[in-house]
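A.B. asks: One structure, pasted below without further comment.
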Amino acid sequence: MFATCSDPSALNGLAWLACYLTSGKHLLFYGSFGTVLLLLAVTAPLALLFGFGGAVASRSRIAPLRWFGRIYTAMVRGVPDIIFFLFVPIALDQSFEWLRSRVYCDPSVPVRQGNEFVVCQAAKLPLSTAAPWVHQSYGFTLAVIAFAIVFGAFAANVLSGAMNAVPRAQLETAEAYGMSERQLTRRVLIPQMWTYALPGLSNLWMVLIKATPLLFLLGIEDIVYWARDLGATKPANFAYPHPDWRVWYFLGLLVFYLLMTWVSQRLIDRVARRLSRGQATMAGEAIRHEVTP
Amino acid sequence: MSACAQDFADFALRSVGMGQFKLPAGDMTLCRQVVLIGSGMIWNLYFGALSLAIGFCLATGLALAKAGGIRWLRVPAEAFIFVFRGSPLFIQFFVAYQAFVLLPREGIEIFGATLPTAWLSRAWAGALIVLILNTAAYSAEIFYGALRNVPRGDLEAADAYGLSGWARFRRIVWPTALRLAWPAYTNEAIFLFHATTLVFFSSFPAFRQQGDALYYASYIVDKTFNPFVAYPIAAVYFILLTLCLIGIFGVFNRRLNRHLPGAAQRPRYRPNLIR
């Protein structure tokens, strides 16, 4: 990066460190923090959407839809999320390739041949001729879907609980005013449920932040990947030789996550205060007493 | 059927180093997958049960330190809880493993005696330590919340009976706090057992391919390229484990609530996402 870095072996002390920390691979490492933030930014709304769908489905009048919603909300309770993170991407990938192979390949050739999963070149996803960024973003997309499914189920738990927590009297009043089921849901239930959902959702946000390093398991070049790669012992034939520094890199990641969760907690506390203003809850009463002692 | 019995004899204790050494590579029958993944569950049970038991004691101390008024006890306890609750378990495993690896391999000399260190970088000890500290932090926060929510009336009644100090804590404060904390603690226990699946995916090597349920499930998927059998088998094992946990914790819950009419009859498990 700097002109002085052209010959690292001549450097020492702080100058060496400055050059080391701005090497090309380190810039990729810093960029991978963006990958984590991107995952959070994409997954959070998507999971909320999935969760909302799940919560509404589990309250549905149509039985199969209700069963689906119930199973979806219940599944993450019994099964470790890591199993889903390992299962969903590979299952989706094989499903897509199987569907494409039925269209683009000779359908008489079975896809499963013994212990192999074989599709013809034209059905490969992404195509072997595709650019590297296509491969990477395909992997990332599968990871996002896996995260959205798991955290959507968590969110569905939280949201259906919040929907049940809205006082019956509110809904009955709305019915007495002649609102239809739909109007009641849209105008009374959904606006009122957020204050009950917030503790659960904020908890979920923390869990989501702490689940992001699992991207590494899905083969994404994320911060854990780079921390392992950069921290590993570099013998003398490398430009910047150093002993095993992985523990320092991982401590850096630890600090990053502590900062993320700490800042999130501060923001959540502010939002919670905001939402409980004017509510007939204990927190709302506390604020009222502060304003008018 | 006899083939299945043979598989059971070969692989049921494979995860603890008994039975056939070579893992099956080619022919993965359903029976074999069920037995192998079930064998891995031994490790999940080992990690979960031991860290839960030790973590419970540690968490009690931490919660008391955090709730107590002594500053030099409270601040370290708060810092410990903040660090372990604020960072991912996955990263904690990595940090701990790398730190243990950096210890001198021949041991540390203390007062002339040599403390061996190599065992710390093995999963059975190193990962267990991380899990204990992790669950202690989460449970301590649960217990701390419960300690603060012990009803004032209970404490006043204890005062009226002339109970104080240790007797008041042991007979009034602690059982009440535990009763209040129990639903959340059940939840924490379930999450802890689920978290044990991370151990062999986070640097800790599976010594002689002796891994946990998910380790074997992903081994099978790597060999067969078929995720639709092995992962659901592991999932079913964990669903059964979760149901057992809910049952066992329900028994404790009934015991803690036995003086309250009505409350003991329905051990309702309201899943909250505490973690």
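The values are calculated or read from the model by the stated rules, or taken from the named source; none is laboratory data. For clarity, every value in this text was computed on a predicted model and none was experimentally measured. A quick note on method: Cβ atoms are made from the backbone with ideal geometry, for glycine too, and the neighbour counts reach across all protein chains shown. Ligands, DNA and RNA are excluded from the accessible area calculation, which covers all protein heavy atoms including side chains. Shrake-Rupley method; radii C 1.70, N 1.55, O 1.52, S 1.80 Å.
A.B. asks: Need the per-residue list for region A:217-265: every residue with at least 40 Å² less accessible surface in the complex of protein chains than in the chain by itself, probe 1.4 Å, sorted by number.
C.D. replies: Listed in order, they are A:L217, A:D244, A:V247, A:F250, A:L254, A:L258.
A.B. asks: Looking only at Cβ-Cβ distances, which cysteines of the protein assembly as shown have no other cysteine closer than 4.7 Å?
C.D. replies: Singleton cysteines: B:C57, B:C244.
A.B. asks: Determine the shape class of region A:3-291: with a ≥ b ≥ c the square roots of the Cα gyration tensor eigenvalues, call it rounded for a/c under 1.5, and otherwise prolate if a/b is greater than b/c, oblate otherwise.
C.D. replies: Cα axes put region A:3-291 in the oblate bin.
A.B. asks: Another question, if that's okay. Just the accessible area for B:V199, please: 1.4 Å probe, Å², rounded to the nearest 10?
C.D. replies: 0 Å²
A.B. asks: Ignoring ligands and nucleic acids, what accessible area does A:E181 show with a 1.4 Å probe (Å², nearest 10)?
C.D. replies: Answer for A:E181: close to 110 Å² accessible.
A.B. asks: Give me the percent of accessible area attributable to carbon and sulfur for the protein assembly as shown, probe 1.4 angstrom.
C.D. replies: Carbon-and-sulfur percentage of accessible area, whole number: 65.
A.B. asks: Whole angstrom only: what separates the Cα centroid of region A:150-189 from the Cα centroid of region A:20-57?
C.D. replies: Taking the Cα centre of region A:20-57 as reference, the centre of region A:150-189 is 30 Å away.
A.B. asks: Would you mind working out the magnitude of the charge dipole of chain A relative to its Cα centre, with +1 at each Lys and Arg C-beta and -1 at each Asp and Glu C-beta, to the nearest 20 Debye?
C.D. replies: Dipole about the Cα centre, nearest 20: 860 debye.
A.B. asks: Could you please put B:F201, A:F68, A:F50 in sequence from largest to smallest accessible area, using a 1.4 Å probe?
C.D. replies: Largest to smallest exposure gives the sequence A:F68, A:F50, B:F201.
A.B. asks: For helix A:246-276, what angle does its Cα long axis make with the longest principal axis of chain A, in degrees from 0 to 90 and rounded to 10?
C.D. replies: Once rounded, the angle reads 20 degrees.
A.B. asks: As a check on your grasp of the helix formula, calculate [θ] at 222 nm for chain A: sum -39500 (n - 2.57) over DSSP H runs of n ≥ 4, divide by the residue count, round to the nearest 500.
C.D. replies: Taking each H run of at least 4 residues, the total per residue is -23500 deg cm²/dmol.
A.B. asks: Given a 1.4 Å probe, show me the residues in region B:67-97 buried by at least 20 Å² of accessible surface when comparing the whole protein assembly to the chain alone.
C.D. replies: Residues meeting the cut-off: B:F82, B:V83, B:G86, B:S87, B:P88, B:F90, B:I91, B:F94, B:V95.
A.B. asks: Next question. Can you give me the relative contact order of chain A as a percent, contacts being Cα pairs under 8 Å and 6 or more apart?
C.D. replies: 21 percent
A.B. asks: Rounded, prolate or oblate: which fits the protein assembly as shown, taking a ≥ b ≥ c as square roots of the Cα gyration tensor eigenvalues, rounded meaning a/c under 1.5, else prolate when a/b beats b/c?
C.D. replies: rounded
A.B. asks: Hey, if we sort B:D7, A:D93 by accessible area with the 1.4 Å probe, largest down, what's the order?
C.D. replies: Ranked from most to least accessible, the order is A:D93, B:D7.
A.B. asks: Note down the magnitude of the dipole of region B:28-256 about its Cα centre, charges +1 on Lys and Arg C-beta and -1 on Asp and Glu C-beta and zero elsewhere, to the nearest 20 debye.
C.D. replies: 360 debye
A.B. asks: I'd like to check one number: the per residue accessible area of chain A, probe 1.4 Å, reported in Å² as a whole number.
C.D. replies: 54 Å²
A.B. asks: Kirkwood Rh, chain B, all Cα pairs: how many Å?
C.D. replies: For chain B, the Kirkwood estimate is 21.1 Å.
A.B. asks: What average number of partner chain Cβ atoms lie no more than 10 Å from the Cβ of the residues making up B:242-249?
C.D. replies: 1
A.B. asks: Still on this structure: Along the charge dipole of region B:28-256, which of B:A160, B:P232, B:N44 sits closest to the positive end, that is, farthest toward it, with unit charges on the beta carbon of Lys, Arg, Asp and Glu (+1, +1, -1, -1)?
C.D. replies: Of the options given, the answer is B:A160.
A.B. asks: Would you mind checking the tilt of helix B:123-148 against the longest principal axis of the Cα atoms of chain B, expressed as 0 to 90 degrees and rounded to 10?
C.D. replies: The helix B:123-148 is inclined about 30 degrees to chain B.
A.B. asks: Roughly how big is the A-B contact, given as buried accessible area in Å² (both sides, 1.4 Å probe, nearest 100)?
C.D. replies: Chain pair A/B: roughly 3700 Å² of buried accessible area.
A.B. asks: Can you return the lysines within cross-link range of A:K234? Criterion is Cα-Cα under 27 Å, with same-chain partners fewer than 8 residues away left out.
C.D. replies: Correct list for A:K234: A:K25.
A.B. asks: Between exposed trypsin sites (Lys or Arg not before Pro) in chain A, where DSSP calls loop and at most 14 other Cβ atoms lie within 10 Å, what's the longest gap?
C.D. replies: A:62-276
A.B. asks: Near A:F87, within a Cβ-to-Cβ distance under 15 Å, what is the net charge of the other residues, with Lys and Arg +1 and Asp and Glu -1?
C.D. replies: -3
A.B. asks: Any chance you could give the angle, 0 to 90 degrees and rounded to 10, that helix A:132-165 forms with the longest Cα principal axis of chain A?
C.D. replies: The angle comes out near 30 degrees.
A.B. asks: Might you report the magnitude of the Cβ-based charge dipole of region B:7-96 about its Cα centre, with Lys and Arg at +1 and Asp and Glu at -1, to the nearest 20 debye?
C.D. replies: I would put it at about 440 debye.
A.B. asks: Which Cα, out of A:V109, A:W67, A:H242, lies furthest along the positive dipole direction of region A:3-291 (beta carbon charges, K/R +1, D/E -1)?
C.D. replies: A:W67
A.B. asks: Solvent-accessible area per residue for chain B at a 1.4 Å probe radius, Å²?
C.D. replies: Normalised by residue count, the accessible surface of chain B is 48 Å².
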